[in-house]
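Encoded as structure tokens, the structure appears first; notes follow it.
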Amino acid sequence: MINKKNALGVMLLAWLCAPALHAQNQWTYDFNNGLNPIETGGPALKPLGQPGQIIKEQIPGSDYLSRSIYVFEKNSGLQFNNADTKGFLNKSFTVEIYFKLNELDSWKRVLDFKNRKSDYGTYIYNGKLNFYDFAVSEKAPVRANQYVHYVYSRDHETKTIKMYINGLSKVEFKDPGTEGQARRRPGTEHVPGRPHRR
């Protein structure tokens, strides 16, 4: 039952793209093809912890349209294999996620670039966007049980990190090191769904 599965209900999980002088890479995960992207040749996402479920959800305001969403089990997530993409998350990139959280009672990890070896990363805490331990949004734009369009962007040259909710800029700061990108040595990197344990 969806209400008992905490964490994230995610649709259009990660629209990953990297600006470049040449062709731009993009992978879209809409869960209509399992954990594979809709584009050919992109890496499949891998469940971490207990596998979640892909279910159909009716689109609000429609009598007959539905979308596929991934429902996470508590303390579980999905992993994007950065090595398969030759270090995609080590350059300039953007991640877009459309999701809702059933509860906002604790730290909810959104993106983890260090494969669970560090607490640094993006979270939702009491409805506020947070890049632990460097920046937090002033207001709480995330509400329980309401979908939000979340965008995370990091510029490789300037180290500027920007986070948006529903098209509005909520957090912007300069990465003090490489906390907002994948490890230097490409490996498997965790993305949405793993709540933070304190």
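Values in this text are rule-based calculations from the coordinates and carry no lab data. None of the values given here were measured: they were computed from a predicted structure. Cβ: placed from backbone, ideal geometry, glycine included. Neighbour counts: every protein chain shown.
I'd like to know how the range 57-126 sits against the 2.2 N^0.38 Å rule of thumb: what's its Cα Rg over that expected value? That ratio works out to 1.38.
Taking Lys and Arg as +1 and Asp and Glu as -1, the other residues whose beta-carbon sits under 10 Å from that of R67 total -1. Multiplying the residue separation of K139 and T160 by 0.36 nm and subtracting their alpha-carbon distance yields 5.5 nm.
Remark: the range 107-190 projects, on average over all directions, an area of 5.6 nm² (convex hull of Cα atoms). Stretching Q24 away from K86 to a fully extended chain increases their span by 21.0 nm, per 0.36 nm per residue minus the current alpha-carbon distance. Annotation note: chymotrypsin sites (Phe, Trp or Tyr not before Pro) in the range 56-142 located in DSSP loop regions with a Cβ neighbour count of at most 10 within 10 Å are Y64. Using R0 = 30 Å, the C-beta based FRET efficiency linking S106 and T40 works out to 0.20. Here each label is just a point 7 Å from Cα along the line to Cβ, and for S118 and D63 those points are 5.3 nm apart.
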